[in-house]
1. Could you run through region 134-146 and say how many residues are under 19 Å from L243 (Cα atoms) and outside any strand (DSSP E or B)?
2. Given the criteria part of a strand (DSSP E or B), over 19 Å from the mean Cα position of the chain (by Cα) and over 14 Å from G139 (Cα atoms), does D287 qualify?
3. Among the residues of region 311-322, is there at least one that is more than 25 Å from W94 (Cβ to Cβ) and not in a loop (DSSP other than H, G, I, E, B)?
4. Going by the conditions given, is F202 over 18 Å from N298 (Cβ atoms), buried (at least 16 other Cβ atoms within 10 Å of the Cβ) and not aliphatic (A, V, I, L, M)?
5. Of these, I169, I176, which one is over 18 Å from the mean Cα position of the chain (by Cα) and open to solvent by less than 50 Å² (accessible area, probe 1.4 Å)?
6. Within region 258-266, identify whether any single residue is touching a Cys at 6+ places or on another chain (Cβ under 9 Å) and at pLDDT 90 or above, and answer yes or no.
7. How about region 179-194: which of its residues are among the polar types (S, T, N, Q) and either in contact with a His (Cβ under 6 Å, 6 or more places away or on another chain) or surrounded by 18 or more Cβ atoms within 10 Å (Cβ to Cβ) (or both)?
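The values are calculated or read from the model by the stated rules, or taken from the named source; none is laboratory data. Everything numeric here is computed off the predicted structure, so don't read it as measured data. Here the Cβ positions follow ideal geometry from the backbone for every residue, glycine too, while neighbour counts run over all protein chains shown. Heads up: the accessible areas ignore ligands, DNA and RNA and are worked out on the full protein's heavy atoms, side chains in. Shrake-Rupley method; radii C 1.70, N 1.55, O 1.52, S 1.80 Å.
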Amino acid sequence: MRSDRAIARYSGLAFAMQAILATCRTRRLILVSLGITASLLSSTLPGFSIAQQNTRVTLPAGIRDAIVRIGVDDGSGGGSGTVIHVKPAANGWWLCVLTADHVVGHPRTWSIGFRGGGLPRDREDYDRLEFRASLMFRGPQNNDGTWVDLAMLGVFIRDVNGNGQRDEIPNIPDSIAIAAPPNHNLVAAGYGMQGRRGAGNFYNIVRIYGTFEAGRNTWENPNGEDVDAGEAPNRKHYRFTALRADLDFTANTGEAHVLFGDSGGPSLQLSGNQWVLTGVHSFTEYDADNMGNPVRVNAGYSWWDARLANYANWINNACDMVPEPFSLTALCTGLLGLLLRRRKNT
């Protein structure tokens, strides 16, 4: 590894590798793509996804099940997301799934998967998750043309058994509140890469995929800070208010650190007796070899989340735009009737 620092302004690992190969001078990287490589970790290995073993956290079952894997139809991306709202609809339910913009990329369709099924084992399987997302909303966009690294997917879950029960999906909450950080303590979650504790204050990153992980850390800046996260492959530039956490170690433990595959996943906090969603994973620091492969995360390295309290209006509006089937039918019928009426009048 080389000692000089570079910033890879891409949201896909393949694109990041191209930039790295061009410079061949990469050690400490800030990459706008935690989630572009596939992201399921083997629970049998003594490693962590975003958390070292001794800092793992057991979330309530409903909150845990609301955190999903995300894949794209062209196999170029993927990451994590959170179902923040379940909307009853004719013959089923619509899910509002909050994630990062760079996770969804620019394919035509997307997929989500719960932990109970459709477990992809590598990147090539990542477009074969259980449920297709037919809607996607990007943004918000800033006045200067930059974007906030957030996106909303709309996923329709059909009531296959016709019994009005959510047999096709886990027992997740009807909604998860969006909030400003109530304190410094957080739980980060996602489906990212593994790592193993080294002899010193670092994690060696293992390029293997497995299951969900969640771990503790603390926010360094609960009020947020403005960040410039660089360009995605489509030349989209990200700028937003972010929450930051860095990696600290005690004698035998290390805090959570997000990695590839965790992008779009949640940072959650306990406010009173309620779990609230305060951040969505966007980008991270790590060490890479000369071929661009992530190899290590050292003490003091940081990750940044989009601070959701700053964008609550956009989140709520995007979820409101996720339609119910009868709403779509009524809209289409109304537009068709208006069109026929105009033709008749002419």
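1. First pass over region 134-146, keeping only residues under 19 Å from L243 (Cα atoms): 139-142, 146.
Retained after the next criterion (residues that are outside any strand (DSSP E or B)): 139-140, 142, 146.
Here the count works out to 4.
2. Values: part of a strand (DSSP E or B): yes; over 19 Å from the mean Cα position of the chain (by Cα): yes; over 14 Å from G139 (Cα atoms): yes.
Judged against the criteria, D287 is a match.
3. Narrowing region 311-322 to residues more than 25 Å from W94 (Cβ to Cβ): none.
Within region 311-322 (the criterion being more than 25 Å from W94 (Cβ to Cβ) and not in a loop (DSSP other than H, G, I, E, B)), the answer is no, since none of the residues qualifies.
4. On the way: over 18 Å from N298 (Cβ atoms): no; buried (at least 16 other Cβ atoms within 10 Å of the Cβ): yes; not aliphatic (A, V, I, L, M): yes.
Against the criterion (over 18 Å from N298 (Cβ atoms), buried (at least 16 other Cβ atoms within 10 Å of the Cβ) and not aliphatic (A, V, I, L, M)), F202 does not qualify.
5. On the way: I176 fails: over 18 Å from the mean Cα position of the chain (by Cα).
The conditions single out I169.
6. No, there is no match, as no residue in region 258-266 is touching a Cys at 6+ places or on another chain (Cβ under 9 Å) and at pLDDT 90 or above.
7. The initial filter retains those residues of region 179-194 that are among the polar types (S, T, N, Q), namely 183, 185, 194.
Result: Q194, single match.
Results for (1) farther than 20 Å from L98 by Cα; (2) open to solvent by 20 Å² or more (accessible area, probe 1.4 Å); (3) without any contact (Cβ under 8 Å) to a residue 40 or more places away in the chain, shown as yes or no for each residue.
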{"position": "G224", "(1), (2), (3)": "no, yes, no"}
{"position": "Y238", "(1), (2), (3)": "no, no, no"}
{"position": "F249", "(1), (2), (3)": "yes, yes, no"}
{"position": "G261", "(1), (2), (3)": "no, no, no"}
{"position": "A288", "(1), (2), (3)": "yes, no, no"}
{"position": "V297", "(1), (2), (3)": "yes, no, no"}
{"position": "D305", "(1), (2), (3)": "no, no, no"}
{"position": "Y311", "(1), (2), (3)": "no, yes, no"}
{"position": "N317", "(1), (2), (3)": "no, yes, yes"}
